[in-house]
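Report on the following structure.
The values are calculated or read from the model by the stated rules, or taken from the named source; none is laboratory data. This is a predicted model, so every value here is computed, not measured. Neighbour counts are summed over all protein chains in view; Cβ atoms, including those assigned to glycine, are modelled from backbone coordinates with ideal geometry. Please note that ligands, DNA and RNA were not included when accessible areas were found on the heavy atoms of the full protein model with its side chains. Shrake-Rupley method; radii C 1.70, N 1.55, O 1.52, S 1.80 Å.
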Amino acid sequence: MSTAAANKDYDLDGESRDQSKDFLTIIIAEQRFGIPVLQVQDVLGEQIVTNIPLAPSEVAGSLNLRGRVVTAIDVRRRLGIDPSKDGEATGMSVVVEHENELYSLIIDRVGDVLTLKDDMFENNPPTLDAIWREISGGIFRLEEELLVVLDVPKLLSTIHS
Amino acid sequence: MDDLIGEFLTETNEFLESLDQDLLGLEQDPNDKELLGNIFRLVHTIKGTCGFLGLPRLETVAHRAENVLGRFRDGDLEVTPEYVSLIFESLDVIKFIVGSLEETGSEPEGRDDALIAKLDAVFEGEDAPPPIAPPPIEEEKLKKTEEEESIPGMATEAELEAAFAAAEVLPLDQQDSIPNKEVQAEPPAAEEQKTEAVKKDTPMTTQTLRVSVDVLEDLMTMVSEMVLTRNQLLQILRAHTESDFTAPLQRLNHVVSELQEGVMKTRMQPIGNAWSKLPRIIRDLSIELGKKIDLEMRGQDTELDRQVLELIKDPLTHMVRNSGDHGIEVPADRVAAGKPETGKVLLHAFHEGGHIIIEISDDGKGLPLDKIKAKIISNGLATEAELKEMSSQQIQQYIFHAGLSTAEKVTSVSGRGVGMDVVRTNIEKIGGSIELKSTEGKGSTFTIKIPLTLAIVSALIVESAGQRFAIPQLSVRELVMTSEHGDNKIEMIKGTPVFRLRDRLLPLVSLDELLKLQRDDVPISEHLESIDVQEPELGAEESQKSAEAENHSESDDAAQKQPLQNQYVIVTETGAYDFGIIVDRVYDTEEIVVKPVPTILRDIDLFSGNTILGDGSVIMILDPNGVARVAGEIDSAEADDSAIEDAAHIGSSQQKTSLLLFSIGGTTPKAVPLSLVARLENVKISDIEHSSGQMMVQYRGSLMPLIPFDSSVKMNDVEEKPVLVFSDQDRSMGLIVDEIIDITEEHIDVQLSSTQQGLLGSAIINEKATDVVDVMHFLNTTHDNWFKNDGDESYGSAGGGKKRLLLVDDSPFFRNMLAPILGIAGYEVTTLDNAKTALKMCEDGAQFDVIVSDIEMPEMDGFEFAEKVKADSSWQNTPMIALTSHATPEDMDRGVQVGFTKHIAKFDKDTLLTALSHTLIEQQKAAQQEQGEQA
């Protein structure tokens, strides 16, 4: 209880003092991405996905999450990355809400939740791949690697049938 | 119930408080009439409400107190402290009873005889002048009332208790037993009902209460989810035949079903609610148009889900307005036609087999077939020949066509059709259908069929290529199992599957083709449980044999392409037409809760929603109307599909071109746009003359050069040869071919891979690979630049020098067809395949004298292109001519609006050339004038 409360305090303070945000990190094809943690509704293991005929290729299908229909998005395909090889992906997905609908973003793996300070943030390099530029909300310089902020609304709203 | 008593108690407590104050005031000033009136009214209200709620003890006390107060008011009893005390005593008793009501929910046992006796004594006038007639009568009345009410009152008490014991269930039960249930009825209405009902029924059963719509919606959602969960449980139960859960689950099943029904009922509203505005609309219309119209409404009480009601409100209003506006004639015309002066619009609603049927009929002039036909043709929706083969009913259906109605709107030609496409779309959106019957001169009847509710629908679960889909039961008329041999077989007409259903031919669509499902993607495991070929009972367990057969075909590539041996045809009913959907397997019907399709899938017409099945899997719900729409286009689209997958597509499937098909030595058929052919002639071989190595024939008083299509054309063994005559101005040439095959109208997709001279490429025409002929090649080879030797003064060279022309058209076929024509006519032609590149050229500073642009183009269409050019660019003053394959008046208008000088049909070469030259000449004149003015 006390830890939770302390955490909460820390978060609130952190928010106002250090201008930092929490991100759930995900890994796709060895690249680390971050989704603002407040946007994440759920993290799921591998699910049975029903194919949707005639749907855009990025749409992997739909699945049942506790009685709600969730549309599964193949993020690899959306990013123009080749399908995963054996053992590379766990079939995990991150559930987000977009315009009152639930989407599950199928990614390779889920990493930790990181609290990232705003001074580690950079805008997209102008030379970034066009597709990535579209869905990237910017880059965080981590010590060992770079983290691409996944702009979820943009990622979803740019899918068309 | 709970709420009502609660409200009464709150109200009464307030009254009692103010009554105390008022009585004290009255005691001090016995002559205050206003105060007395107020007291009388409050007590009277308490008495009235008690009667309504069935509280006899409270009512009796209040009633007697009121009697006394009545005498005060009438002035025949003096307000003395004694009497006021008596009233206070009554109020105390009332307070006691109310308090008890608050605590236990029912009136306390016991009687207030002593008090009543005192009150009666005062009322009957101990101290007052002896009453003559009224009191006994009143007394009698009172007794009577008491007798009447005391018995139902007891029952009420019992019921009340039962009600509080099962507070949540009772309202529904009551709803069931009341003929006039009105969930949202206003209290006054309820009170009225009550007074009527008191005499014949117990007061309790007529009770209604107000519930907010949100609560009902939430309730419905929860019930929907409950139904789903119930379905899941039942599914699980099926796997365990011997289970302790069987009995309780079955009970649950029943309860849930009843609950669902009950909640559904709470959402029902009489359709009359949606009709309430109609009489006014018709009245206004008849005044405005000088018509006499009677609106008759039948079946206002027919109930349907309020959600559905909301959705059909507008379409209904629209249709009734249409009936009055376009259907009913003015009185003079009606009399002339031998009809009564007053026209009649009839609205009739009734239940039929789980649907609501709403008929809107009028005895007006009916649909004008000729006008519709003319519209159909002018809008390019069908050709005259096609119309000839249609029944008048089929033609009438066109009023639901978007193209037709829009055009009507623009030109405001009278006749039905304004917005009927919207009406149909709205009705189809809620899973309904609309039919039309009309006799010219007699009137029209529209029949709308809609489901009772939208939230939960019964759907048939089918499988195709290993995937399951739901089809709403509403549109399923019957199921047929087909077999490869025997009567029930699927037959093919030109690759289109059809089925003989009794005495009719039913068009079929294959679900897997429609949805582009890949059979080889199907996991074996899925297939093992699919297809029950032997068992006629739907959804029965599959035989091992069929599973093996299926496996076999799975492994055999060639067999995969073959239609499965036994398939099911779902005979489907839609507004547009009936058709069959071919599926591999039919499962059960299941109650499903329709969930909307996610936004990113909205563009797919074929699905109306998705749902979660009993086994927890998500499946898509097919929209039969969407299927009908897509399937109706598939015949033409199929040619596109199979022909060319690469970039060399001819624009959209909209572009139909009349083609002349001919053959040379029995090889691939050749096609040439009919509009380029001036005439077809049979030329006698003996008439052919030779001059300087060129074949000639005397034709219409001059010499016409002839060339054989190629060297394989045999000239020796026949007397006559067919010749295609191409002409331009007064020059002609003939192309000798072997045989004229046909004239056809087709969507052409040209594959520009032909290297052979004289051919543009090949296309699939009438399902055959066909070479499309490059007419210009022949024109040019007859004579070097034969066509442009002279006579083109008025065209491209008008004003001296070659005019620079920009041709923008996405289809290579037209570019290749037009560029040479324009080139020959003396223009310097630049072709581009899209408007964006054109705009870029403009930015780069390219200059043209005239721009010819296609309208239907991907990304940026001709209109947008013109708007951009005219808005702000260096081409602002360059005249623009629009090319289109189907020009509706609306398009023309829009074209002019955005700045096109002319609108010209594709292939209308002569008009194009004339228009070009006119445009340029005018442009030049204008320019000269301007120069002159400046000078």
Q: Report, largest value first, the span of the C-alpha coordinates of segment B:1-135 along each principal axis, in whole Å.
A: 45, 28, 21
Q: At most 13 other Cβ atoms within 10 Å and a DSSP loop assignment: could you name the trypsin sites (Lys or Arg not before Pro) in segment B:65-128 that fit?
A: B:Arg111
Q) Gain in length, B:Arg41 to B:Ser378, computed as 0.36 nm per residue apart minus the alpha-carbon separation, to one decimal in nm? A) 113.9 nm
**Q.** Square roots of 5 times each gyration tensor eigenvalue, C-alpha, segment B:43-118, largest first, Å
**A.** 23, 13, 10
Q | Theoretical ellipticity at 222 nm over chain A - DSSP helices of four or more residues, -39500 (n - 2.57) apiece, nearest 500 | A | -5500 deg cm²/dmol
(Q) Need the per-residue list for segment A:62-89: every residue with at least 30 Å² less accessible surface in the complex of protein chains than in the chain by itself, probe 1.4 Å, sorted by number. (A) A:Asn64, A:Gly67, A:Val69, A:Thr71
Q. When only the heavy atoms of the protein chains count and the probe is 1.4 Å, how do B:Met268, B:Met220 rank by accessible area, highest first?
A. B:Met268, B:Met220
**Q.** Pairwise centroid distance, computed over Cα atoms, of segment A:14-82 with segment B:7-38, Å
**A.** 68 Å
Q. What translational diffusion coefficient, in µm²/s and rounded to a whole number, does the Stokes-Einstein relation yield for segment A:41-157 at 20 °C and a viscosity of 1.002 mPa s, taking the hydrodynamic radius as the Kirkwood radius over Cα pairs?
A. 139 µm²/s
Q | Cα gyration tensor shape for segment B:272-451, rounded if a/c is under 1.5, else prolate or oblate | A | oblate
Q. Over all pairs of distinct alpha carbons, what does the Kirkwood formula give as the hydrodynamic radius of segment B:823-893, in Å?
A. 12.8 Å
Q. Counting only protein heavy atoms and rolling a 1.4 Å probe, how much accessible area do A and B lose on contact, total for both sides, in Å² to 100?
A. 1700 Å²
**Q.** Radius of gyration, Dmax [segment B:213-267; alpha carbons; angstrom]
**A.** 13.0, 43
